[in-house]
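Q: Got a structure for you, written out below as structure tokens; questions coming shortly.
Every number in this text was worked out from the coordinates using simple rules, so none of it is lab data. Note that the structure is predicted; figures quoted are calculated from it, not measured. Heads up, the Cβs are rebuilt from the backbone with ideal geometry, glycines too, and the neighbour counts pull from every protein chain shown.
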Amino acid sequence: MGYRVFLAGASGAIGKRLLPLLLDAGHQVAGTTRSVAKAEELRAFGAQPVLLDVFDARALSRAVMAARAEVVIHQLTDLPKGLDPGRMADGSIRNARIRREGTENLVRAAIAAGASRLVAQSIAWVYASGPQPHAENDPLDVGAEGSRGVSVGGVVALENRTLHSPPLAGVVLRYGRLYGPGTGVDARPDPPSLHVDAAAFAALLAIDRGAPGIYNVAEPNRYVMTEKARAQLGWHADFRSPA
């Protein structure tokens, strides 16, 4: 069964790998970007491009309503190209704002449009110190300071809004550190790591599989448990896009 999917962040690293998977699975996709050139790329793929900024709440609400979205997927980030270390501090602040304000706007738009499910991107390396591997119900590092504290605060805001916004069924995917096409990282990073195609695959599965809640999504490692994603979503880390 195909759904009407609103993909926020369709031209990002995961969004670009996820879009063809959604279309091949028979879903109708409206995908957002802030770039005119990238909007044309989305159209060429077969998606309905939506040119907007997630901080424009009214425009976002109109777009989700026009798409008659049944499922909303949140893959929005705002990090420097190639994860440039010299620009990561500023990038962390911008990214945290997207997680706070962007998620708020997206949730409100999804509810207003009558969507039933929200799948949101989070990260898997923000757990507080404690026994490893971490399960999804382990506490996050909310006492962190500096740029890590900024990131954790954004994650907490995103996850709380995603999981506690009835009648939306919220699914949070805590991704490992990404590598692969479009990420700016070719070699496998330190654990928890995750190929971008496997990240996109998890989002595809989460559209209609698994109970609402949090899922660690990463390659086998000693830092986080991934059994829940494998058991409930049918996910596996070795998925690679055929394209």
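Q: What is the ratio of the Cα radius of gyration of the stretch 108-156 to 2.2 N^0.38 Å, where N is its residue count, to two decimals?
A: 1.48
Q: With a Förster radius of 30 Å, plug the Cβ-Cβ distance of D56 and A211 into 1/(1 + (r/R0)^6) and report the FRET value to the nearest 0.05.
A: Taking R0 as 30 Å, the efficiency between D56 and A211 is 0.35.
Q: Same structure again: Could I have the simple spin-label model distance between S147 and R97, label points 7 Å from Cα toward Cβ, reported in nm to one decimal?
A: Each label point is offset 7 Å from its Cα along the Cβ direction, giving 1.7 nm.
Q: After finding the eigenvalues of the alpha carbon gyration tensor for the chain, what semi-axes result from the square roots of 5 times each, listed largest first in whole Å? Mind dumping the intermediate values first?
A: Working: eigenvalues 126, 75, 71 Å².
Those come to 25, 19, 19 Å.
Q: What residues have an amide H closer than 5 Å to that of W235, excluding those fewer than 5 places away on the same chain, when H is modeled at 1.01 Å from N in the peptide plane?
A: Here R230 satisfy the definition.
Q: Still on this structure: Using Cβ counts within 10 Å as a stand-in for footprinting exposure, how do I14, I111 rank, fewest first?
A: Least to most surrounded, the residues fall as I111, I14.
Q: For a quick check: with amide H placed at 1.01 Å from N, whose amide H comes under 5 Å from V29's, ignoring anything fewer than 5 positions away on the same chain?
A: Here the answer is V5, Q48, since their amide H atoms fall under 5 Å of that of V29.
Q: Here's something else I'd like to know. Starting at the first residue of the stretch 195-205, write each ³J(HN,Hα) from the Karplus equation 6.51 cos²θ - 1.76 cosθ + 1.60 with θ = phi - 60°, in whole Hz, x for Gly and Pro.
A: Those phi angles translate into 5, 4, 5, 5, 5, 4, 4, 4, 5, 4, 5 Hz.
Q: When L76, L52 are ordered from fewest to most other Cβ atoms inside 10 Å of their Cβ, what list results? Mind showing how you got there, number by number?
A: Details: L76 23, L52 17.
Sorted ascending by nearby Cβ count, the order is L52, L76.
Q: Can you give the local net charge around S122? Use residues other than it whose beta-carbon is closer than 11 angstrom to its beta-carbon, Lys and Arg +1, Asp and Glu -1.
A: 0
Q: Run through the stretch 114-198 and list the GluC sites (Glu not before Pro) located in a DSSP loop whose Cβ has at most 11 other Cβ atoms within 10 Å.
A: Listed in order of number, the matching sites are E145.
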